[in-house]
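Shown next, in structure tokens, is the structure this report addresses.
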Amino acid sequence: MKKLLKYCSLTLLLSLLAFSSAGCEKESAKCPFTDAKWGDTLDDLEKLEDGEYTEGGESAYNGTVYEFPKKYQGLDGIIRYSFDAEEKLVAMSWMYETDDSEDLKETYDTLHEGAEKLLGESDFTYNSDKFADAATPGDVWYREEGNVVIIAVDTDEAKLLQYTFMHPDVSEKRPEK
């Protein structure tokens, strides 16, 4: 199930970024689910997250992913720290999995509302009518400080949510409208 969760989350994140076409104005914001900083090493993260982690395989950035159990807003989830080939921290994601579609939707709505308070409205739209009616909610904030993505997936096989803060070096620029 962990491999399915990892595969789905990576695929969805990359798909959402590939099919997006709008963003938000520049605003600075601190990642709400961790106190990690972009310069942190695995040793720093072990201290920050109380040391219990698993190696989650290769990241989308040719480095390693490290996963720590993480409670956020009262919910048990996993925080994934993704490193690039030079072992630089480039993405921080909090992931939540549930068996209940309504719980997933409520959790997405709560996190999305908090993200809008933190970042403002994203003005995100799909760049294709094919994806505009997608049932899976998702949003992207394009920022100079690094993009922020929230996405939920609700299928028969998996019901999961991913909330990601990305380093500016791996963040795509806002596509033209």
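Side notes on the structure shown:
- Residues of the range 156-171 satisfying the condition of being β-branched (Val, Ile, Thr) and without any contact (Cβ under 8 Å) to a residue 12 or more places away in the chain: none
- Yes/no for Ala152 being open to solvent by 40 Å² or more (accessible area, probe 1.4 Å), farther than 22 Å from Ala36 by Cα and either touching a Phe, Trp or Tyr at 6+ places or on another chain (Cβ under 6 Å) or at pLDDT below 90 (or both): no
- If you go through the range 30-48 and keep only what is over 20 Å from Leu75 (Cβ atoms) and assigned to a loop (DSSP other than H, G, I, E, B), you end up with Lys37, Trp38, Gly39, Asp40, Thr41.
- Restricted to the range 26-43, and to residues there that are loosely packed, with under 14 Cβ neighbours inside 10 Å and charged (D, E, K, R), the residue that is modelled with the lowest pLDDT is Lys26.
- Which numbered condition Glu87 misses (of (1) assigned to a loop (DSSP other than H, G, I, E, B); (2) under 16 Å from the mean Cα position of the chain (by Cα)): (2)
- The set of residues in the range 32-77 that are in contact with a Gly (Cβ under 9 Å, 6 or more places away or on another chain), in contact (Cβ under 8 Å) with a residue 24 or more places away in the chain and closer than 17 Å to Leu111 by Cβ comprises Pro32, Phe33, Lys70, Gln73.
- Taking the range 53-67 as the range and being assigned to a strand (DSSP E or B) and either open to solvent by 40 Å² or more (accessible area, probe 1.4 Å) or of a type in the set (A, V, I, L, M) (or both) as the test, the residues that pass are Thr54, Glu55, Glu58, Asn62, Val65.
- Thr107, sole failed condition from (1) farther than 18 Å from Gly138 by Cα; (2) modelled with pLDDT of 95 or more: (1)
- Sole exception among (1) out of contact with any Asp or Glu (no Cβ under 8 Å at 6 or more places or on another chain); (2) farther than 28 Å from Lys173 by Cα; (3) open to solvent by less than 70 Å² (accessible area, probe 1.4 Å); (4) not basic (Lys, Arg) for Asp50, by number: (3)
- Positions within the range 82-128 being polar (S, T, N, Q), in contact with a strand residue (DSSP E or B) (Cβ under 7 Å, 6 or more places away or on another chain) and open to solvent by less than 60 Å² (accessible area, probe 1.4 Å), in sequence order: Ser82, Ser93, Thr98, Ser101, Thr107, Ser122
- Residue that is surrounded by the most Cβ atoms within 10 Å (Cβ to Cβ) [pool: residues in the range 68-81 that are within 15 Å of Phe165 (Cβ to Cβ) and among the charged types (D, E, K, R)]: Arg80
- Considering residues of the range 159-177 that are assigned to a loop (DSSP other than H, G, I, E, B) and surrounded by fewer than 18 Cβ atoms within 10 Å (Cβ to Cβ) only, the residue modelled with the highest pLDDT: Glu172
The values are calculated or read from the model by the stated rules, or taken from the named source; none is laboratory data. Keep in mind that this is a model prediction, so the values were computed, not measured. Cβ sites come from the backbone with ideal geometry, for glycine too, and all protein chains shown count toward neighbours. To get the accessible areas, we keep the full protein, side chains included, count just its heavy atoms, and leave off ligands, DNA and RNA. Shrake-Rupley method; radii C 1.70, N 1.55, O 1.52, S 1.80 Å.
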